[in-house]
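The values are calculated or read from the model by the stated rules, or taken from the named source; none is laboratory data. Owing to the predicted nature of the structure, the values given are computational and were not obtained by experimental measurement. Protein only, heavy atoms only, side chains kept; ligands, DNA and RNA dropped before computing areas. Shrake-Rupley method; radii C 1.70, N 1.55, O 1.52, S 1.80 Å.
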Amino acid sequence: METLNIVGQVTALLGALILIVVAPLEMFFYGHPAVAKFLSVDAQHVDVVKMWAFCIGARNLLSALGVIAGLIMIYWADPMLGTVVVLAFSWYMLLASLAMAAADAIGYWQPRGGSIKGTIAASVLPLVVIISPLFT
């Protein structure tokens with residue numbers, strides 16, 4: 001395996017930056033109507049899921065920091081190990097987004113189908129990172 005190419009690196013950084021921006025919204029501003037709308041959450045369910053939203057925000061923040069740590073390793077430590085770290089966190093993000101789709105499919109998201117936009121948004125960048133080494 002070669003180190004992560006520039007497309008994978010830029011995509012990983014972009015995904016990490018997005019998660020760093022979104023994490024505080026999930027963790028601390030979830031109840032705000034504009035944030036609930038942005039996150040496709042029905043306003044009547046906001047109070048019920050605040051704890052889970054905080055945990056998801058924390059997970060997103062930790063994932064983003066893991067990707068950034070991997071990118072730093074690529075440039076200033078061990079490029080191969082950094083690539084493995086970035087890919088591992090990208091797989092984690094992809095699988096977590098697919099779990100959101102699965103939760104929606106079995107009816108845990110109200111209204112059903114409400115997670116489609118978020119699932120796609122959360123899946124595309126990690127998927128690009130994961131497949132980018134195939135194009136080196």
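List of remarks:
- Principal-axis tilt of helix 6-28 within the chain, Cα atoms, nearest 10 degrees: 30
- Against the criterion of solvent-accessible heavy-atom surface with a 1.4 angstrom probe, Phe89, Phe28 sort, most first, into Phe28, Phe89.
- The portion of the accessible surface of the chain made up by carbon and sulfur, rounded to a whole percent, is 77 (1.4 Å probe; DNA, RNA and ligands excluded).
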